[in-house]
1. Taking region 33-43, which residues are more than 13 Å from residue 77 (Cα to Cα) and outside any loop (DSSP other than H, G, I, E, B)?
2. For region 79-118, what are the residues that are touching a helix residue (DSSP H, G or I) at 6+ places or on another chain (Cβ under 9 Å) and either outside any strand (DSSP E or B) or more than 21 Å from residue 65 (Cβ to Cβ) (or both)?
3. How many residues, within region 44-61, are in a strand (DSSP E or B) and in contact (Cβ under 8 Å) with a residue 40 or more places away in the chain?
4. Give all pairs with beta carbons closer than 8 Å in which a residue from region 73-86 that is modelled with pLDDT of 95 or more meets a residue that is surrounded by 13 or more Cβ atoms within 10 Å (Cβ to Cβ) and in a helix (DSSP H, G or I); count only pairs at least 6 apart in sequence or on separate chains.
5. Return the residues of region 82-116 that are out of contact with any strand residue (DSSP E or B) (no Cβ under 6 Å at 6 or more places or on another chain), farther than 19 Å from residue 33 by Cα and loosely packed, with under 15 Cβ neighbours inside 10 Å; say none if nothing qualifies.
6. Farther than 20 Å from residue 110 by Cβ, exposed (fewer than 15 other Cβ atoms within 10 Å of the Cβ) and modelled with pLDDT of 95 or more - does that describe any residue in region 6-19?
C-alpha cells in the first residue's frame with residue numbers, strides 16, 4: 001500500500017513539474033527596426049525582447065496571419081517606428097516579453113500590434 005501510494009505521488013509530482021504553464025500577458029515597447037525580407041517575411045526588432053522575430057509574410061499566409069493582415073501589421077509597425085509610438089501585443093504561452101527566441105516566429109501571439117497614443 002505504502003509503495004503504491006509513493007508511486008502515485010511520484011507520478012503526479014513528475015507530471016506537475018514537466019507540464020508547461022501558459023499565461024496571458026501584454027508586452028509594450030518601441031519599434032526600432034522592421035523589415036521585409038526577399039521572401040516576404042516580416043521581421044521586427046523592438047523593446048522589450050523582440051530581437052529580429054518573425055511575424056508573418058506579405059507573400060503567403062504564415063504563422064496564422066493572412067497576407068492582407070500581414071501587410072496591415074507591417075504598415076502599423078512602420079507608423080509606430082516613424083512616429084516613435086509604443087506598440088502593444090498580447091500573448092498566451094509559457095514565455096514572457098523578454099524570452100521570445102530571436103530569429104523565430106512569435107508564439108502565443110493573439111492580438112496586436114496596436115499603436116498606443118501617449
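The values are calculated or read from the model by the stated rules, or taken from the named source; none is laboratory data. Please read all numbers here as calculations on a predicted model, not as lab measurements. Using ideal geometry, Cβ is built from the backbone for each residue, glycine included, and neighbour counts are taken over all protein chains shown.
1. If the condition is that a residue be more than 13 Å from residue 77 (Cα to Cα) and outside any loop (DSSP other than H, G, I, E, B), then 41 is the only one that fits.
2. Selection gives 85, 86, 116.
3. So the answer is 7.
4. Close Cβ pairs (under 8 Å, with a partner that is surrounded by 13 or more Cβ atoms within 10 Å (Cβ to Cβ) and in a helix (DSSP H, G or I)) amount to 85/79; 86/80.
5. 94, 96
6. Within region 6-19 (the criterion being farther than 20 Å from residue 110 by Cβ, exposed (fewer than 15 other Cβ atoms within 10 Å of the Cβ) and modelled with pLDDT of 95 or more), the answer is no, since none of the residues qualifies.
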